[in-house]
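Asks: Below: one structure in structure tokens.
The values are calculated or read from the model by the stated rules, or taken from the named source; none is laboratory data. It should be emphasised that the depicted structure is a prediction, and the values quoted were computed from it without experimental measurement. Note: ideal-geometry Cβ built from the backbone for every residue, glycine included; neighbour counts use all protein chains shown. Remember, those area values only see protein heavy atoms, side chains included, never the ligands or the DNA or RNA. Shrake-Rupley method; radii C 1.70, N 1.55, O 1.52, S 1.80 Å.
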Amino acid sequence: MAKQRFGQHFLIDLSVANREVGYAKLTKDDIVLEIGPGQGIITRLLAQKAKQVIAIEIDQRLVDKLKTTLPENVTLISGDALSVDFQLLPQFTKIVSNLPFKISSPITFKFLESSFSKAILIYQKDFAERLVSIPGKKEYSRLTVSVSYKAHCRVLEEVSRSCFSPEPKVDSSIVELTPRKKPMFDVENEQFFFEFTKQLFNHRRKKIRYTIKTLYGNLEQLPYLDQRVETLTPEQIGKLSDILWYLK
Ligand code: SAM
């Protein structure tokens with residue numbers, strides 16, 4: 001029985017699994033991180049192509065089954081991927097996963113704290129649309145700004161819900177995430193920029209003036225006060241964040 005609380009929608013279409021792994025362009029030098037191997041459909045393909053696979057699975061029942069059936073070059077870790085210290089793992093070069101939807105956002109931010117060359121990830125389609133959105137679109141969000149600041153994101157294909165069992169309520173997308181060598185632009189303080197971005201999108205329908213007044217009082221000399229955050233580019237948000245970082 002699949003456990004809903006762990007977001008268990010197992011991939012049952014081998015051609016999708018093959019394409020997902022193919023997009024990663026693995027070589028025998030690659031060490032691949034996989035979050036949630038489940039029944040191992042992706043894991044086994046990864047193990048054929050890469051030097052080593054590190055797979056983190058939270059469900060002990062699945063870990064017990066995988067333990068005896070996975071190839072030797074798979075290192076299986078039992079635990080919550082959000083709590084595992086990635087610094088203590090062998091230095092992985094790529095990430096390939098069909099992610100549990102509930103942790104899509106925190107695990108993506110956690111990935112971006114580590115060093116790797118490419119991630120190929122299956123997300124819910126609406127999450128993927130938010131990752132690749134642009135100013136002015138309804139999907140443009142805190143996620144778009146914070147992730148695109150650190151990585152290039154590209155939707156590679158859509159995957160029908162019928163490719164999973166049990167079938168989820170929504171379709172999915174395969175996304176390529178490529179970390180930027182340098183962030184998209186410079187900011188004075190990244191933590192402040194991320195927090196400020198979050199605050200702005202908490203009031204996405206209000207003018208910037210409103211959010212700034214709520215947070216910092218009346219500051220009339222700032223740019224973009226009459227715009228809404230959903231129309232600002234990530235760089236413009238960064239510029240505003242820098243001015244406030246100095247003023248506050
Ligand atoms: N990779 C498999 C596949 O494609 O069929 C399973 C994908 S299923 C969408 C997500 C998997 O992640 C499940 O096996 C689930 O138990 C596991 N999982 C859920 N939350 C997790 C977490 N916090 N850390 C590690 N694994 C997790």
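Asks: With a Förster radius of 22 Å, plug the Cβ-Cβ distance of Ser83 and Phe109 into 1/(1 + (r/R0)^6) and report the FRET value to the nearest 0.05. Let's see the in-between values first.
Replies: Working: r = 14 Å, r/R0 = 0.65.
So, using R0 = 22 Å, E works out to roughly 0.95.
Asks: Okay, moving on. Full extension from Arg19 to Gln227: what is 0.36 nm times the residue separation minus their Cα-Cα distance, to one decimal in nm? Provide the component values of the computation, followed by the final result.
Replies: Working: separation 208, 0.36 × 208 = 74.88 nm, distance 4.21 nm.
Full-extension gain reported as 70.7 nm.
Asks: Once amide H atoms are placed 1.01 Å from N in the peptide plane, what residues at a sequence separation of 5 or more from Lys118, or on another chain, have their amide H within under 5 Å of its amide H?
Replies: It is Ile95, by chain and number.
Asks: Also, quick follow-up: How much length is gained if the chain between Asn73 and Thr214 is pulled fully straight, taking 0.36 nm per residue apart and subtracting their Cα-Cα distance, in nm to one decimal?
Replies: On the way: separation 141, 0.36 × 141 = 50.76 nm, distance 5.41 nm.
Residue separation times 0.36 nm, minus the Cα-Cα distance, leaves 45.3 nm.
Asks: Determine the relative contact order of region 4-179: mean sequence separation of Cα pairs under 8 Å and six or more apart, normalised by residue count, in whole percent. It would help to have the intermediate numbers written out before the result.
Replies: On the way: 333 pairs, mean separation 40.4, N = 176.
Here the relative contact order equals 23 percent.
Asks: Is region 166-212 rounded, prolate or oblate when judged by the Cα gyration tensor, a ≥ b ≥ c being the square roots of its eigenvalues, rounded requiring a/c under 1.5 and prolate requiring a/b larger than b/c?
Replies: Numbers: a/c = 3.46, a/b = 1.34, b/c = 2.58.
It is oblate, given that a/c is not under 1.5 and a/b is not larger than b/c.
Asks: Return the percentage of antiparallel bridges among DSSP beta bridges fully within the chain, rounded to the nearest 5 %.
Replies: Details: 17 of 34 bridges.
Of those bridges, close to 50 percent are antiparallel.
Asks: In square angstrom, what is the accessible area per residue of region 89-188 with a 1.4 angstrom probe?
Replies: Details: 4480 Å² over 100 residues.
On a per-residue basis, region 89-188 sits at 45 Å².
Asks: Continuing with the same structure: Calculate, for region 190-247, the solvent-accessible area per residue in square angstrom, rolling a 1.4 angstrom probe over the heavy atoms of the protein chains. Don't skip to the answer; put the middle values down first.
Replies: Working: 3280 Å² over 58 residues.
With all protein chains present, region 190-247 gives 57 Å² per residue.
Asks: If you don't mind, there's one more thing I want to ask. With a probe of 1.4 Å, find how much accessible area region 18-73 has per residue, and write the answer as a whole number in Å².
Replies: Details: 2620 Å² over 56 residues.
So region 18-73 comes to 47 Å² accessible per residue, rounded to a whole number.
Asks: Let me ask something additional. Return the carbon/sulfur percentage of the accessible area of region 4-179, one whole number, probe 1.4 Å, all protein chains in place. Please list the in-between numbers first.
Replies: On the way: 4100 of 7960 Å².
The computed percentage sits at 51.
Asks: While we're here: For region 4-179, list log₁₀ I(q)/I(0) at each q in 0.13, 0.18, 0.19, 0.20 Å⁻¹, using the Debye formula over Cα point scatterers of equal strength and ignoring solvent, two decimals each.
Replies: After summing over all Cα pairs, the log10 values are -0.59, -1.20, -1.35, -1.51.
Asks: Still on this structure, please answer the following. Roughly how tilted is helix 60-69, in degrees to the nearest 10 and between 0 and 90, from the longest Cα axis of the chain?
Replies: Compared with the principal axis, the helix lies near 50 degrees.
Asks: Starting from the 7 Å offset along Cα-to-Cβ, what nm value, one decimal, do you get for the label separation of Met1 and Glu188?
Replies: 5.6
Asks: Of the cross-linked pairs Lys102/Lys239; Lys51/Lys182; Lys49/Lys94, which ones have a Cα-Cα span greater than 22 Å in the structure shown? Mind showing how you got there, number by number?
Replies: On the way: Lys102/Lys239 32 Å; Lys51/Lys182 28 Å; Lys49/Lys94 12 Å.
Checking Cα-Cα distances, Lys102/Lys239; Lys51/Lys182 exceed 22 Å.
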